[in-house]
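The values are calculated or read from the model by the stated rules, or taken from the named source; none is laboratory data. Remember, it's a predicted structure, so these values are computed and weren't measured experimentally. Backbone-built Cβ (ideal geometry, glycine too); neighbour counts: all protein chains shown.
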Amino acid sequence: GAVVSQHPSWVICKSGTSVKIECRSLDFQATTMFWYRQFPKQSLMLMATSNEGSKATYEQGVEKDKFLINHASLTLSTLTVTSAHPEDSSFYICSARGAGTSLTNEQFFGPGTRLTVL
Amino acid sequence: RKEVEQDPGPFNVPEGATVAFNCTYSNSASQSFFWYRQDCRKEPKLLMSVYSSGNEDGRFTAQLNRASQYISLLIRDSKLSDSATYLCVVNRIKAAGNKLTFGGGTRVLVKP
């Protein structure tokens with residue numbers, strides 16, 4: 001149990017286009033989802049925390065108008081990178097935390113989406 | 001100063017040997033501690049939680065030293081499949097909700 005999927009697993013796009021990444025909890029309800037970004041040879045950096053039905057909370061230095069997050073249901077959160085540029089090329093990983101007591105504290109990670117902006 | 005710091009390595013380990021490495025954290029309010037493993041181009045996966053009394057899971061032993069604010073991971077009888085980046089992760093429960101802070105990772109290469 002506690003499986004999180006991401007789609008797409010990789011994407012290549014032209015500079016200036018927008019890219020949407022989906023994060024789904026497949027077998028549990030995720031009250032909170034987290035979006036991370038990882039540049040090569042660096043650690044995961046939290047971008048934002050999203051709670052179902054409310055606005056996402058962004059970390060300092062992350063532009064909310066550039067990285068649009070929607071968490072419309074308990075099983076789906078989306079991250080849209082608007083007007084992507086080459087410096088946005090990175091590995092984007094989501095994680096989800098469940099609503100049940102046994103799943104409350106642990107975060108379950110999706111397999112990540114590798115974005116390359118040309 | 002980074003909130004969670006690790007020696008990036010790599011630690012080159014002969015197969016069958018023991019390797020140990022530490023992680024330091026700066027915030028004394030940190031409450032939960034974990035070691036994650038990340039393979040190249042993959043998502044991190046929970047290896048083990050770290051408890052105050054120290055804990056062991058097979059060949060892996062984790063220790064926590066709150067006074068000195070560091071945690072450690074020891075791998076005994078290293079296998080080739082242990083080659084990975086080990087991420088030290090700290091959890092500080094806040095009003096914003098239970099965020100994980102990742103260290104930069106320690107790379108371990110186990111060689112025959």
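Inside the stretch A:1-34, can you point out the residues that are part of a strand (DSSP E or B) and in contact with a Phe, Trp or Tyr (Cβ under 7 Å, 6 or more places away or on another chain)?
Quick first cut of the stretch A:1-34, residues part of a strand (DSSP E or B) only: A:4-7, A:10-13, A:19-25, A:30-34.
Scanning the stretch A:1-34 gives A:VAL4, A:ILE21.
Identify all residues within the stretch A:1-34 that are among the aromatic types (Phe, Trp, Tyr), at the interface with another protein chain (Cβ under 10 Å from one of its Cβ atoms) and buried (at least 20 other Cβ atoms within 10 Å of the Cβ); write none if there are none. Working first, answer last.
Within the stretch A:1-34, the subset among the aromatic types (Phe, Trp, Tyr) is A:10, A:28, A:34.
Restricting the remaining residues to those that are at the interface with another protein chain (Cβ under 10 Å from one of its Cβ atoms) gives A:10, A:34.
Listed by number, the list holds a single entry, A:PHE34.
Six or more apart or on different chains, Cβ atoms under 6 Å: show the pairs whose first residue is in the stretch A:105-118 and more than 7 Å from every other protein chain (Cβ to nearest Cβ) and whose second is in a loop (DSSP other than H, G, I, E, B) and buried (at least 21 other Cβ atoms within 10 Å of the Cβ).
Close Cβ pairs satisfying both conditions: A:VAL117/A:ALA84.
Which one of these does A:ALA72 not meet: (1) away from chain B (no Cβ under 14 Å); (2) surrounded by 15 or more Cβ atoms within 10 Å (Cβ to Cβ); (3) in a strand (DSSP E or B)?
Here A:ALA72 meets the rest and fails (2).
Can you spot a residue in the stretch A:52-66 that is in contact with an Asp or Glu (Cβ under 8 Å, 6 or more places away or on another chain), within 9 Å of another protein chain (Cβ to nearest Cβ) and farther than 16 Å from A:LEU115 by Cα?
No: the stretch A:52-66 contains no residue that is in contact with an Asp or Glu (Cβ under 8 Å, 6 or more places away or on another chain), within 9 Å of another protein chain (Cβ to nearest Cβ) and farther than 16 Å from A:LEU115 by Cα.
Being crowded, with 16+ Cβ neighbours inside 10 Å, at positive phi and not hydroxyl-bearing (Ser, Thr, Tyr): is that true of A:GLY112 here?
Details: crowded, with 16+ Cβ neighbours inside 10 Å: yes; at positive phi: yes; not hydroxyl-bearing (Ser, Thr, Tyr): yes.
Yes; evaluated as a whole, the condition is true for this residue.
Could you pull out every one of the strands (runs of 3 or more DSSP E) wholly within the stretch B:1-102 that has 3 or more residues that are of a type outside the set (S, T, N, Q), surrounded by 13 or more Cβ atoms within 10 Å (Cβ to Cβ) and away from chain A (no Cβ under 14 Å)?
On the way: elements: B:4-6, B:11-14, B:19-25, B:32-38, B:44-50, B:55-57, B:60-65, B:70-75, B:84-92, B:99-102.
Because the criterion is at least 3 residues that are of a type outside the set (S, T, N, Q), surrounded by 13 or more Cβ atoms within 10 Å (Cβ to Cβ) and away from chain A (no Cβ under 14 Å), the strands (runs of 3 or more DSSP E) in the stretch B:1-102 that meet it are B:60-65, B:70-75.
Output yes when any residue across the stretch A:35-45 is part of a loop (DSSP other than H, G, I, E, B), surrounded by 13 or more Cβ atoms within 10 Å (Cβ to Cβ) and modelled with pLDDT under 90, and no when none is.
Kept after step one, since they are part of a loop (DSSP other than H, G, I, E, B), are these residues of the stretch A:35-45: A:39-44.
Now narrow it down to the ones that are surrounded by 13 or more Cβ atoms within 10 Å (Cβ to Cβ): A:42-44.
Now narrow it down to the ones that are modelled with pLDDT under 90: A:42-43.
Yes - at least one qualifying residue is present in the stretch A:35-45.
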